[in-house]
Amino acid sequence: MESLEQIRERLLARFPDAALTVIANPGPAGQPSLLVGSPHAASIAAFLRDDPALRLDYCSNVTGVDWPDREVVETIKRTVPPPPPAAPADPSAPPVTPKVIEEKVKRHIPGYFEVVYHLYSMALKHGPVILRTRTADRTDPASLPSLTPIWRACEFQEREVYDLFGIRFTGHPDLRRILMWDEFKDYPMRKDYVEPDDYEWEPTPHGAVLDKARRHYPAPPESR
Amino acid sequence: MLGTGLLQGLAVTAKNLVGSFHDPERYVTMEYPEVKTKLPENYRNFPFLVHDDPKDPLGSLRCVACTICETECPPQCIYIVMDRDEKGKALKRPKVFDIDISVCMSCQICVEVCPFDAIKMDQHYEIAETNRFQGLLLSREQLSKSNAYYHQLHPTEAAAVDALLAEQKAKQAAAKAAKAAPAAKPPAPAAPAANPPPPPAPSAEAPKPPTPPAP
Amino acid sequence: MTSPAAPSSFPSGLPSSPGAHVRAVHDDFHGDLLEVSMGPHHPSTHGVFRMIVTLDGERIVRLKPVFGYLHRNHEKLGEQTTYLASMPYTDRLDYLNSMTNNWAYAIAVEKLAGQAVPERAEYVRVILAELTRLLNHTCLAGFLLQDTGCSGTPLMYAFREREKILDLFESLSGSRMMCNFQRFGGCRLDPTPEWLAAVRQLVDGYGRFLDEFEALISGNEIVMARTQGTGVLTPALAISAGVTGPMLRATGVDYDLRKVDGYGVYPRFEFRVPLGAHGDTYDRYMIRILEMRESIQILRQALRDLPAGPILDPKAKNRGFRPKPGEAYGRIEGPKGEIGFYLISDGSPNPFRYRVRPPSFVNLTILEDMCLGQTVADAVIILGSIDIVLGEVDR
Ligand code: SF4
Ligand code: SF4
């Protein structure tokens with residue numbers, strides 16, 4: 001099978017204005033992935049499925065990933081030029097070395113939702129080609145194109161991603177909650193999901209459960 | 001011919017019916033609780049704590065309350081409080097060691113991670129209780145079982161553990177001796193093992209199904 | 001209903017999921033349709049699974065599966081615990097096949113961390129996986145017959161054999177079904193020679209059991225009348241819908257990960273991949289019987305060639321395991337289809353993302369397509385032939 005770079009080249013030749021980025025995988029698994037811009041996702045998916053050299057007819061796995069907002073603290077070295085001498089330079093004075101100061105800069109990296117598709121070819125028995133689509137940020141309602149019209153296998157899995165991550169798939173024929181009940185409000189797989197405080201008494205509370213127990217019994221009886 | 005398949009199938013059922021009277025392969029039902037199945041040595045159910053001295057089941061626990069098992073236990077059903085003296089110094093033994101076996105999923109991870117071979121898997125499975133909370137919450141007193149009991153349950157594994165512990169002890173004693181050698185007094189002979197392993201439990205015929213706790 | 005987009009694939013005029021158990025639906029074109037809620041408490045649904053079936057007379061015109069009664073957010077649990085602590089949880093996905101679940105998870109983590117596996121462990125894994133396949137397919141055949149109304153007898157014969165395999169698992173791993181046996185870089189324990197001898201004995205006797213079971217069922221005219229031509233699945237739809245495992249091969253598509261990916265030591269064994277021709281329920285039953293016969297061949301070879309050596313890579317680290325940042329998707333051919341795990345590591349002791357690709361869940365996608373135009377009684381056996389376990393569907 002071609003490498004992901006080659007696939008990207010060919011896709012760019014076919015869809016010149018598509019946004020395509022190869023995302024390297026730093027781990028030893030060596031499974032890089034291809035980030036696809038939303039507007040072209042469906043046509044690119046159809047191309048990958050029908051291209052005679054690829055024939056990625058089987059979409060194995062569809063899943064969402066929630067990348068929360070991050071703050072990174074970066075240390076930036078800056079050279080401060082020496083203040084201009086007030087008096088005419090004294091030739092005997094040692095040359096003033098420029099000062100280097102380190103500054104800590106906080107940088108806010110906005111989070112995003114991501115949907116990952118693992119594609120294989122049953123006809124040519126190769127794979128995986130990993131596609132990703134991303135939202136711009138984590139604001140609701142997040143929405144991404146659905147690939148269910150290309151691969152039926154996405155139907156339930158995209159519904160699951162919608163259910164657990166709250167990503168709306170435009171073009172999905174039947175987007176309803178699948179694992180949670182219909183009246184459920186939140187999206188449990190998001191990283192900032194807060195579990196409801198349905199305290200259940202446990203005889204050995206510790207850790208998070210102990211905190212919960214304390215909340216429910218403001219003055220806990222002296223434990224042993 | 002239509003119906004041959006049916007007849008063939010009926011012949012199989014007939015064979016099984018007749019076979020169930022004389023062939024143990026075809027009659028596999030066991031009349032529990034009159035007859036109990038022979039548990040394999042590796043069978044695991046819920047954890048217990050090993051102590052070395054039957055006269056002092058709580059004082060001679062091998063557990064040093066390091067809480068490794070508490071952190072590693074996937075459903076978080078172990079609860080340990082280290083025993084401390086008045087000055088707050090850790091005494092390296094648990095004051096509280098509870099396992100909530102209504103939550104425990106018998107995964108044996110605590111046994112795997114314990115560096116002191118202090119916690120092992122029990123095989124006592126008749127554990128029905130009327131009180132879901134306190135009845136299934138096993139305390140240090142209930143969990144403490146003797147090394148002999150461990151030998152009875154898992155003879156091979158226990159023998160290996162004993163050998164390992166004896167080796168460690170010998171090493172420690174040797175290190176101590178080497179340290180004490182320059183001193184004037186000759187070092188005392190290495191202390192005999194506190195609790196020599198009992199001979200392997202009779203396992204040739206009818207290895208006893210685990211009996212109620214034998215602390 | 002929180003449906004943002006109007007469902008387009010439905011025949012118009014049909015209301016969606018009702019609360020009532022059975023009620024008549026009025027529709028101008030079809031006359032009176034009847035909506036029946038099968039499940040969640042129904043013996044044919046293999047657990048707590050619900051199908052909302054709309055009937056025109058006795059024919060199914062619409063079927064909507066409802067999931068989630070057993071949902072416990074396994075993936076969130078996986079993200080909240082360490083890599084090792086997820087291993088016993090994978091037992092509880094497809095609780096019939098804990099050994100293959102363990103292996104799939106171990107393979108994903110090994111890919112993620114670049115961990116090697118000793119040869120002996122690979123062989124032991126193959127032995128355990130094939131035993132699991134025998135176990136699963138035996139159970140399935142029994143249950144499928146139970147679903148056709150052939151109450152008791154075949155199921156009990158199947159369970160009798162399954163129990164022998166479970167006994168083997170118990171004596172090896174300590175537990176019949178929740179084996180928790182694989183580790184990253186090998187297996188937890190080394191099988192003893194006695195255990196291997198017991199496996200050999202079982203494998204030698206298994207063919208005889210299959211012969212007997214086939215004599216009981218395969219030629220039975222009633223079974224054939226019920227299952228042949230029922231729930232036909234076309235290869236094109238099966239591929240598009242991501243159907244895997246025996247379900248896919250019953251339609252004639254040659255795709256077996258043991259051959260395609262050649263993971264573990266499978267390329268060293270000689271075995272055939274049975275394929276169906278019609279994609280109906282009978283083919284799906286037959287494929288499983290044939291696969292069991294191939295599994296017996298693999299087991300014979302694996303037992304013959306099992307090398308000596310360590311069972312766990314000495315460099316393997318299970319406690320305090322922190323793989324480097326990266327991601328990996330590992331998959332194996334489970335008895336029900338492709339079971340995969342997708343992991344993203346951010347270098348911490350817990351996975352950043354832990355995803356299970358459940359074969360039963362994806363295979364259910366085409367349940368409606370297979371049932372349309374069939375009778376309710378057929379829907380029961382079609383569901384039975386998909387082979388689902390709700391622990392894995394709902395996770
Ligand atoms: S049982 Fe073992 S791991 Fe657990 S606290 Fe005691 S010594 Fe530590
Ligand atoms: S067996 Fe598993 S669940 Fe039970 S106490 Fe040990 S680690 Fe926890």
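Taking segment A:25-79 as the region of interest, how many residues are in a strand (DSSP E or B), within 12 Å of chain C (Cβ to nearest Cβ) and either among the aromatic types (Phe, Trp, Tyr) or within 16 Å of A:Ser121 (Cβ to Cβ) (or both)? The qualifying residues number 5. Restricted to segment C:149-161, and to residues that are under 20 Å from the mean Cα position of the chain (by Cα) and away from every other protein chain (no Cβ under 11 Å), which residue is nearest to B:His154 (Cα to Cα)? Ranking the candidates gives C:Ala158 first. Restricting C:Val362, C:Val389 to those that are modelled with pLDDT of 85 or more, more than 19 Å from C:Arg249 (Cα to Cα) and either within 19 Å of the chain's Cα centre (by Cα) or buried (at least 24 other Cβ atoms within 10 Å of the Cβ) (or both) reduces the list to C:Val389.
Rundown of residues vs (1) more than 24 Å from A:Glu195 (Cα to Cα); (2) in contact with a Ser or Thr (Cβ under 7 Å, 6 or more places away or on another chain); (3) not assigned by TED's automatic domain parsing to the domain that holds A:Thr63, yes/no style:
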{"site": "A:Tyr120", "(1), (2), (3)": "yes, yes, no"}
{"site": "A:Arg138", "(1), (2), (3)": "no, no, no"}
{"site": "A:Tyr162", "(1), (2), (3)": "no, no, no"}
{"site": "A:Asp182", "(1), (2), (3)": "no, yes, no"}
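Looking only at segment A:113-130, residues that are under 14 Å from A:Val62 (Cβ atoms), more than 8 Å from chain C (Cβ to nearest Cβ) and of a type outside the set (D, E, K, R) come to 6 in all. Here is the figure for segment B:65-89: residues that are more than 14 Å from chain A (Cβ to nearest Cβ) and open to solvent by 40 Å² or more (accessible area, probe 1.4 Å) total 5. Among the residues of segment B:35-43, are any touching a residue at least 24 places away in the same chain (Cβ under 8 Å), over 24 Å from C:Pro154 (Cβ atoms) and more than 14 Å from every other protein chain (Cβ to nearest Cβ)? Scanning segment B:35-43, I find at least one residue that is touching a residue at least 24 places away in the same chain (Cβ under 8 Å), over 24 Å from C:Pro154 (Cβ atoms) and more than 14 Å from every other protein chain (Cβ to nearest Cβ), so the answer is yes.
Can you tell me which of (1) within 16 Å of ligand 2 (Cβ to nearest atom); (2) in contact with a Leu (Cβ under 8 Å, 6 or more places away or on another chain); (3) within 14 Å of chain C (Cβ to nearest Cβ) is the one B:Phe48 doesn't meet? Checking B:Phe48 against (1) within 16 Å of ligand 2 (Cβ to nearest atom); (2) in contact with a Leu (Cβ under 8 Å, 6 or more places away or on another chain); (3) within 14 Å of chain C (Cβ to nearest Cβ), the one that fails is (3). Counting only helices (runs of 4 or more DSSP H) wholly contained in segment C:63-146, the ones carrying 3 or more residues that are within 14 Å of chain A (Cβ to nearest Cβ) and open to solvent by 10 Å² or more (accessible area, probe 1.4 Å) occupy C:74-80, C:98-113. Scanning segment A:169-200 for residues that are among the aromatic types (Phe, Trp, Tyr) and either at pLDDT below 70 or surrounded by 15 or more Cβ atoms within 10 Å (Cβ to Cβ) (or both) returns A:Phe169, A:Tyr187, A:Tyr193, A:Tyr199. Against the criterion of being more than 12 Å from ligand 2 (Cβ to nearest atom), under 23 Å from B:Leu164 (Cα atoms), out of contact with any strand residue (DSSP E or B) (no Cβ under 9 Å at 6 or more places or on another chain) and open to solvent by 30 Å² or more (accessible area, probe 1.4 Å), B:Glu141 does not qualify. Answer yes or no: is there a residue in segment C:314-326 that is of a type in the set (A, V, I, L, M) and either open to solvent by less than 10 Å² (accessible area, probe 1.4 Å) or within 12 Å of chain A (Cβ to nearest Cβ) (or both). No; the residues of segment C:314-326 include none that is of a type in the set (A, V, I, L, M) and either open to solvent by less than 10 Å² (accessible area, probe 1.4 Å) or within 12 Å of chain A (Cβ to nearest Cβ) (or both). Taking segment B:101-112 as the range and being more than 6 Å from ligand 2 (Cβ to nearest atom) and crowded, with 19+ Cβ neighbours inside 10 Å as the test, only B:Ile101 passes. Out of B:Glu31, B:Glu86, B:Glu70, one residue alone is free of Cβ contacts under 8 Å to residues at least 24 places away in the same chain and within 16 Å of ligand 2 (Cβ to nearest atom). It is B:Glu70. Can you say whether B:Asp23 is away from every other protein chain (no Cβ under 14 Å), more than 16 Å from ligand 2 (Cβ to nearest atom), surrounded by fewer than 17 Cβ atoms within 10 Å (Cβ to Cβ) and among the charged types (D, E, K, R), as far as the supplied structure shows? No, not satisfied. The set of residues in segment A:143-159 that are within 8 Å of chain C (Cβ to nearest Cβ) and either part of a loop (DSSP other than H, G, I, E, B) or among the acidic types (Asp, Glu) (or both) comprises A:Trp151, A:Arg152, A:Ala153, A:Glu155.
The values are calculated or read from the model by the stated rules, or taken from the named source; none is laboratory data. Because the structure is predicted, anything quoted here is derived from the model rather than measured. A quick note on method: Cβ atoms are made from the backbone with ideal geometry, for glycine too, and the neighbour counts reach across all protein chains shown. What goes into the accessible areas is simple: the full protein's heavy atoms, side chains included, and nothing from ligands, DNA or RNA. Shrake-Rupley method; radii C 1.70, N 1.55, O 1.52, S 1.80 Å.
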